1. Quick check on my filter: what residues within region 122-166 are within 19 Å of the chain's Cα centre (by Cα), of a type in the set (S, T, N, Q) and in a helix (DSSP H, G or I)?
2. Which pairs have Cβ atoms under 6 Å, sit 6 or more apart or on different chains, and link a residue in region 38-58 that is touching a residue at least 12 places away in the same chain (Cβ under 8 Å) to one that is in a helix (DSSP H, G or I) and among the aromatic types (F, W, Y)?
3. Scanning region 37-75 for residues that are of a type in the set (A, V, I, L, M) and not in a helix (DSSP H, G or I), which turns out surrounded by the most Cβ atoms within 10 Å (Cβ to Cβ)?
4. Tell me, please, whether a residue that is more than 27 Å from S149 (Cβ to Cβ) and either hydrophobic (A, V, I, L, M, F, W, C) or at pLDDT 95 or above (or both) can be found in region 109-117.
5. Identify, by number, the condition in (1) touching a helix residue (DSSP H, G or I) at 6+ places or on another chain (Cβ under 9 Å); (2) surrounded by fewer than 18 Cβ atoms within 10 Å (Cβ to Cβ); (3) of a type in the set (S, T, Y) that T85 doesn't meet.
6. Quick one: count up the residues across region 164-174 that are closer than 11 Å to R44 by Cβ and in contact with a helix residue (DSSP H, G or I) (Cβ under 7 Å, 6 or more places away or on another chain).
7. Looking at region 167-186, which of its residues are surrounded by 11 or more Cβ atoms within 10 Å (Cβ to Cβ) and either in a helix (DSSP H, G or I) or at pLDDT 95 or above (or both)?
Amino acid sequence: MPTDGADFGRIKACYGKAYTGARQGVADAEVASVVVAGLERDVRRDGGLRGFNDAIAMVTDANNRNQLLEGTARLRILHGDCSLTRHLAAAAEKIGLARINSGQAISRDAAEKAVLTQIARSRCGDGMIPYVTKNRTQSVSESTKIIDSIHHKINGSSALADLAQRIRTGPKDGMPSKAPRAPRVNHSAEALTSEVIG
């Protein structure tokens, strides 16, 4: 697995636009949508988020801390060749332990969104804080508020729910299935004259 420093080119390719947007003060919801697109690019570049369904099952079903930690250790062994595995396992541990400690149940959809948001945070968000501090706010606490707001928007976005669903139902290697294409617009004279503009 590459270290974070060795991963700089990949982080820039997947999340560079999000860094730029956060630096320039683009609306948090727009930055969030760019992060979700970057996360999908990151997953595709890694050959899929292998073990995603197993990790989500651990988060929702683990009865105790030991069961969860044994499951994530197994995940790291089975898919150790995939560089996103450590982020997936760490996210599953964090969300799963929070669920176990609270004693609250979590739905599969909520677990998927929480795990993917946590992966986005570890891959992109945590590194944004010093960057935004240096280039925009000059205040760590202010930058942290901005990044927290972005991640709140990520977790609530329909794009993240769509990505989670496409990873869940995609091939077994965790590669997201292709997003459905928007219907094509018919540009013929007849179709354009009959089109109602709202």
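1. S122, T144, S149, N155, S158, Q165
2. Correct list of pairs: G38/Y15.
3. Of the residues in region 37-75, the ones of a type in the set (A, V, I, L, M) are 37, 39, 43, 49, 55-59, 62, 68-69, 73, 75.
Those still in the list that are not in a helix (DSSP H, G or I) too: 49, 62.
On the way: L49: 30, A62: 21.
By that ranking, first place goes to L49.
4. Pass one, region 109-117, residues more than 27 Å from S149 (Cβ to Cβ): none.
No; the residues of region 109-117 include none that is more than 27 Å from S149 (Cβ to Cβ) and either hydrophobic (A, V, I, L, M, F, W, C) or at pLDDT 95 or above (or both).
5. (2)
6. Final tally of qualifying residues: 2.
7. Within region 167-186, I167, R168 qualify.
The values are calculated or read from the model by the stated rules, or taken from the named source; none is laboratory data. These numbers come from a predicted model, not from an experiment. So basically every Cβ, Gly included, is an ideal-geometry build from the backbone, and we count neighbours across all protein chains shown.
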